[in-house]
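Taking it in order: structure first as structure tokens, then the write-up.
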């Protein structure tokens, strides 16, 4: 399947730009998504200024943000705030975290961990990256079209999104339409990737690598791919329908008789349902949460096993929990919609499934915590990130409970409590785990280690400021402040919590600064880092059997898996790790 | 005002305490779990660090306590779900209970960026409304003429001010004329999306009037040392939504604190004032609805029942646009 392109010697363009090699594509995904992550985060740093100091000119960058975002004095406009908010959410989720977790880590690490020379469909793989890239460029183009970028939230609820950016703009060349085109491209890219992942894991495992000898990370990617494959098409369809509503005035999401700013919307035939969009959107977007988390949990599992020098506690329990989590993630979506007029029967179903889905999450967290017991814990930089994931993911998970129960959700729905909750899952949780993964596999990709000193300089401030940014949001939310407000001091409760809001903002700016050591480390270590052998962490899984960096085709000789993935500290053995590819006869 | 526990705003509704109890129980539950997990976690990091435990144990630790913990978590979640959340939700989503035979029924029509409160008037019947009759200046909900529908004759529409009696069930028929909004009144523990094309009923009962809510939210503020300068400006700005609760000489009860007041108070040697919000019961929009989402603000005016009847009897005679005292800046 993938051997035909191994023979020839490709030139620069086909080796590094339009490459079919999963490792090059993985690195392309990683670097692109890291840039998008930092860009999306920068949008938020601008928004946090308006929240902390409402109506004051934005320092440093306020002057050149353009007329769609700021006024003449460099003060963020309400519609500019909404545009930055919508783009922040979209970029972080669809251009940052998912491509990094799946496109980056999945592409680079997964084939190596199953001993494959490449992905099953290298051309599909390349197409996936370039469609993603095109989707990213399309998204960013939104900032430059007349009327500015999409500003109806990353959720793009109609009718608002159906009528947004339509007055005085080009019928196609406008923010929300460009956003929809970008989404269609991004989802297409995910679909191409997920098919490839599933086939690769099913068919390209080396001899001896049974499903229950797969590293936990591969299992996480496997389940994630099914989520991508099954959950994303409904939103792709919904995106096209919204596009039709906007461009050709169909009425999939438009009821009749709407009056916007005194104008009857009779260009729409009417008869559509705004709630249809929400169902289609959340049918994607809840599994999407697990698309973000599962690869992160996989990475944390790898790092914890390696740095506790013992097998992951309850490997099979973890695998079954992840499968169950993936399955359940398809039947909880309407807990995002408790307040759309839902009756008791529906809400009972969805809050019950939501409580049920919390159980495998608790089991996974417990298993990872139990893995620490009687370990011999090495506090390497990747391990610091992986360990920090555990309590912060726990906060994210726990604060989901009051939102998942419909009664307490009445007060907390659409407040900053929600923002705090899902950011704890995605930012202090998932992103910290992904950063840990970069430190962990960097030596494999480059043959060099990242600086430990800069790693500490990155980790500790990031850990502190992640919490400084997000913890105050729970207080702000409990106080009753709605999300997505340009100026929360309009409300008396908003004035009371302004101290917390400022704390979040200063935390965000400090968190931005804390990434500088990482950026330096990331590029500097590529040519000046300490050179290491193929297995610097003394790890067991197959990717460490390949040279660092692995050549085209990955392995000098096709490995065979002789045992499970985490044979650390086997009793009576001399070395404390037994790599999967070393036969019993050669173990010392 | 954040003095009420868990940072929640004061609760002035009949059903709110049930929601608050769930929120409080949940947070205690979360705190206990987090502290228990966290203590175990930190213990592991210290006890099993490579320096203290150079050789890891291959065999999985027996996990009886953790299995017990998981079972306890499941049981507590089940209790919160079945014992609290489902019944409270069922109560909240039901029609008003029958013991109050006379609920006040009101239509609320949300729009960018205002709340139209449509009262049926003495006949208790709402007049029809049509989209093509909407005129943002004089007829925001497109109410038909009385000649076409006699029920419309005594109807009354209030913009952004929701007049309501306390101690009486209020049934709101919520809709929107343009995009999705969400009718949120934090002090009443009420939140419901207003979805165009649907009319969604919600109900609540206020147990406090505005004056009583102000009493709950009043707080003493130390005045800045000097009535001028940056500190004084900040003080005025940050308290612009509050009014004095008592007369301080020429600073009249009910007025918004401004820079002049500060000078007067300072000259009189007053160092601290008691302040409370002029309109304590905010209506917020909780669903992104466009560039004016942040200022889609309404106010509840909750009266004693007899005061409300008095207001309601004369409401039709006032201008349709009654923004009296709304602009409190």
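The values are calculated or read from the model by the stated rules, or taken from the named source; none is laboratory data. Worth saying up front: this structure is predicted, and the values here are computed from it rather than measured. Neighbour counts are summed over all protein chains in view; Cβ atoms, including those assigned to glycine, are modelled from backbone coordinates with ideal geometry.
Structural remarks
- Some residue of segment B:117-126 being assigned by TED's automatic domain parsing to the domain that holds residue B:300, farther than 28 Å from residue A:342 by Cβ, touching a strand residue (DSSP E or B) at 6+ places or on another chain (Cβ under 8 Å) and surrounded by fewer than 24 Cβ atoms within 10 Å (Cβ to Cβ): yes
- Conditions (1) surrounded by fewer than 16 Cβ atoms within 10 Å (Cβ to Cβ); (2) within 30 Å of residue B:170 (Cβ to Cβ); number of the one not met by residue B:81: (1)
- In this structure, residue A:393 does satisfy being farther than 18 Å from residue A:518 by Cα, buried (at least 23 other Cβ atoms within 10 Å of the Cβ), within 14 Å of chain B (Cβ to nearest Cβ) and modelled with pLDDT of 95 or more.
- Yes/no for residue A:300 being within 14 Å of another protein chain (Cβ to nearest Cβ) and under 21 Å from residue A:97 (Cα atoms): yes
For (1) within 24 Å of residue A:271 (Cβ to Cβ); (2) within 12 Å of another protein chain (Cβ to nearest Cβ); (3) in contact with a strand residue (DSSP E or B) (Cβ under 9 Å, 6 or more places away or on another chain), each residue gets a yes or a no:
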| residue | (1), (2), (3) |
| --- | --- |
| A:137 | no, no, no |
| A:140 | no, no, yes |
| A:164 | yes, yes, no |
| A:167 | yes, yes, no |
| A:179 | no, no, yes |
| A:183 | no, no, no |
| A:187 | no, no, no |
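- Evaluated against (1) free of Cβ contacts under 8 Å to residues at least 12 places away in the same chain; (2) buried (at least 22 other Cβ atoms within 10 Å of the Cβ), residue A:245 falls short on exactly one condition, (1).
- Pairs are defined by a Cβ separation below 8 Å, a sequence spacing of at least 6 or placement on different chains, a first member in segment B:273-297 that is at the interface with chain A (Cβ under 7 Å from one of its Cβ atoms), and a second member that is at pLDDT below 85 and assigned to a strand (DSSP E or B); the pairs so defined are B:277/B:242; B:277/B:243.
- Taken as a whole, the condition of being touching a residue at least 60 places away in the same chain (Cβ under 8 Å), surrounded by fewer than 20 Cβ atoms within 10 Å (Cβ to Cβ) and either out of contact with any helix residue (DSSP H, G or I) (no Cβ under 6 Å at 6 or more places or on another chain) or more than 20 Å from residue A:65 (Cβ to Cβ) (or both) does not apply to residue A:138.
- Among the residues of segment A:302-347, those identified as closer than 22 Å to residue A:413 by Cα and not in a helix (DSSP H, G or I) are A:332, A:337, A:341, A:342, A:343.
- Segment A:369-390: number of residues that are outside any loop (DSSP other than H, G, I, E, B), at the interface with chain B (Cβ under 7 Å from one of its Cβ atoms) and more than 29 Å from residue B:26 (Cβ to Cβ): 1
- Answer from A:354, A:366 - the residue that is within 7 Å of chain B (Cβ to nearest Cβ), more than 19 Å from the chain's Cα centre (by Cα) and outside any loop (DSSP other than H, G, I, E, B): A:366
- Residues of segment B:276-312 that are within 17 Å of residue A:488 (Cβ to Cβ) and assigned to a helix (DSSP H, G or I): B:293, B:294, B:295.
- Given (1) modelled with pLDDT of 85 or more; (2) within 12 Å of another protein chain (Cβ to nearest Cβ); (3) surrounded by fewer than 17 Cβ atoms within 10 Å (Cβ to Cβ), number of the condition residue B:307 does not satisfy: (2)
Table: residues versus (1) in a helix (DSSP H, G or I); (2) within 22 Å of residue B:192 (Cβ to Cβ); (3) at pLDDT below 95; (4) out of contact with any helix residue (DSSP H, G or I) (no Cβ under 8 Å at 6 or more places or on another chain).
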{"residue": "B:132", "(1), (2), (3), (4)": "yes, no, yes, yes"}
{"residue": "B:146", "(1), (2), (3), (4)": "no, no, yes, no"}
{"residue": "B:151", "(1), (2), (3), (4)": "yes, no, yes, yes"}
{"residue": "B:154", "(1), (2), (3), (4)": "no, no, yes, yes"}
{"residue": "B:164", "(1), (2), (3), (4)": "no, yes, no, no"}
{"residue": "B:167", "(1), (2), (3), (4)": "no, yes, yes, no"}
{"residue": "B:174", "(1), (2), (3), (4)": "no, yes, no, yes"}
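- Residue in segment A:432-447 that is touching a helix residue (DSSP H, G or I) at 6+ places or on another chain (Cβ under 8 Å), within 22 Å of residue A:296 (Cβ to Cβ), within 14 Å of another protein chain (Cβ to nearest Cβ) and buried (at least 22 other Cβ atoms within 10 Å of the Cβ) present: no
- Positions within segment B:1-43 being within 30 Å of residue A:370 (Cβ to Cβ) and touching a helix residue (DSSP H, G or I) at 6+ places or on another chain (Cβ under 7 Å), in sequence order: B:25, B:26, B:27, B:29, B:30, B:33, B:34, B:37, B:38, B:40, B:41
- Of the criteria (1) assigned to a loop (DSSP other than H, G, I, E, B); (2) touching a residue at least 24 places away in the same chain (Cβ under 8 Å); (3) closer than 23 Å to residue B:297 by Cβ, which one residue A:485 fails: (2)
- Flag for residue A:334 being free of Cβ contacts under 8 Å to residues at least 24 places away in the same chain, under 30 Å from residue B:94 (Cβ atoms) and within 14 Å of another protein chain (Cβ to nearest Cβ): no
- Of the numbered criteria (1) crowded, with 21+ Cβ neighbours inside 10 Å; (2) modelled with pLDDT of 85 or more; (3) in a strand (DSSP E or B), the one residue B:273 fails is (2).
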